[in-house]
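Trainee: This is the structure I want to talk about, given as structure tokens.
The values are calculated or read from the model by the stated rules, or taken from the named source; none is laboratory data. Since the structure is predicted, the reported quantities are computational estimates derived from the model, not experimental observations. Glycine also receives a Cβ, built like all others from the backbone with ideal geometry; neighbour counts cover every protein chain displayed. With ligands, DNA and RNA removed, areas are computed over all heavy atoms of the protein, side chains included. Shrake-Rupley method; radii C 1.70, N 1.55, O 1.52, S 1.80 Å.
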Amino acid sequence: MNRKEINKLFGVTDEQLDHMAAEYESGNWEGGVGPVVPGRPRIYDEELETISFRLPKSRVNAIDARAKRNGETRSQFLRQAVDDALLGNA
């Protein structure tokens with residue numbers, strides 16, 4: 001997940017986080033810490049299934065480069081590409 005997706009998941013903006021951090025660092029933060037849930041957050045409401053297929057090395061390199069530029073993992077990039085293709089966003 002990139003920062004934008006994480007912010008959306010938690011319902012905050014970078015500006016809100018900066019403000020909270022400044023309050024915390026100055027000793028004026030009135031917030032609290034919610035429950036700590038171990039493990040990775042679920043990215044889908046259903047079980048994920050692993051698939052495997054072969055691509056030319058040049059395509060894999062291009063995918064990795066694009067994912068890195070977007071601040072994503074290869075898997076995140078490919079999941080989004082598949083969603084875009086299936087939902088007509090491409």
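Trainee: Where Lys and Arg each count +1 and Asp and Glu each count -1, what net charge lies around V60 among other residues with Cβ under 12 Å from its Cβ?
Mentor: Residues near V60 contribute +4 overall.
Trainee: Next up: Pick out, in residue order, every one of the GluC sites (Glu not before Pro) in the range 1-58 that is DSSP loop and has at most 16 other C-beta atoms within 10 Å; say none if there are none.
Mentor: Details: sites: E5, E15, E23, E25, E30, E46, E47, E49; in loops: E30, E46, E47, E49.
Passing both the DSSP loop test and the Cβ count: E30, E46, E47, E49.
Trainee: Given the rule -39500 (n - 2.57) for each run of at least 4 DSSP H residues, summed and divided by the residues of the chain, what is its mean residue ellipticity at 222 nm, to the nearest 500 deg cm²/dmol?
Mentor: Taking each H run of at least 4 residues, the total per residue is -16500 deg cm²/dmol.
Trainee: Sticking with this structure for a sec: Where in the chain is the longest stretch that carries no chymotrypsin sites (Phe, Trp or Tyr not before Pro) classed as loop by DSSP and with at most 14 other Cβ atoms within 10 Å?
Mentor: 54-90
Trainee: While we're here: Cα axis of helix 14-26 to longest principal axis of the chain: angle in degrees, 0 to 90, nearest 10?
Mentor: 40
Trainee: Just flag the trypsin sites (Lys or Arg not before Pro) in the range 30-73 sitting in loop per DSSP whose Cβ has no more than 11 other Cβ atoms within 10 Å.
Mentor: R42, R54
Trainee: Relative to the longest principal axis of the chain, what angle (0 to 90°, nearest 10) does the C-alpha long axis of helix 74-87 take?
Mentor: Roughly 70 degrees between the two axes.
Trainee: Something else about it: Let me spell out the model: positive unit charges on the Cβ of Lys and Arg, negative unit charges on the Cβ of Asp and Glu, origin at the Cα centre of the chain. What dipole size does that give, in debye rounded to 20?
Mentor: Taking the Cα centre of the chain as origin, the dipole is about 820 debye.
Trainee: Here's another thing I want to ask about it. With an 8 Å cut-off on Cα pairs and a minimum separation of 6 or more residues, tell me the relative contact order of the chain in percent. Don't jump to the answer; show the numbers that get you there.
Mentor: On the way: 21 pairs, mean separation 26.2, N = 90.
It comes to 29 percent, rounded to a whole number.
Trainee: Provide the solvent-accessible area of T50, counting protein heavy atoms only and rolling a 1.4 Å probe, rounded to the nearest 10 Å².
Mentor: Near enough 130 Å² of accessible area.
Trainee: Now, a different point. 7 Å from Cα along Cα→Cβ at both E5 and I51: what's the point-to-point distance in nm?
Mentor: Label-label distance for E5 and I51, simple model: 1.7 nm.
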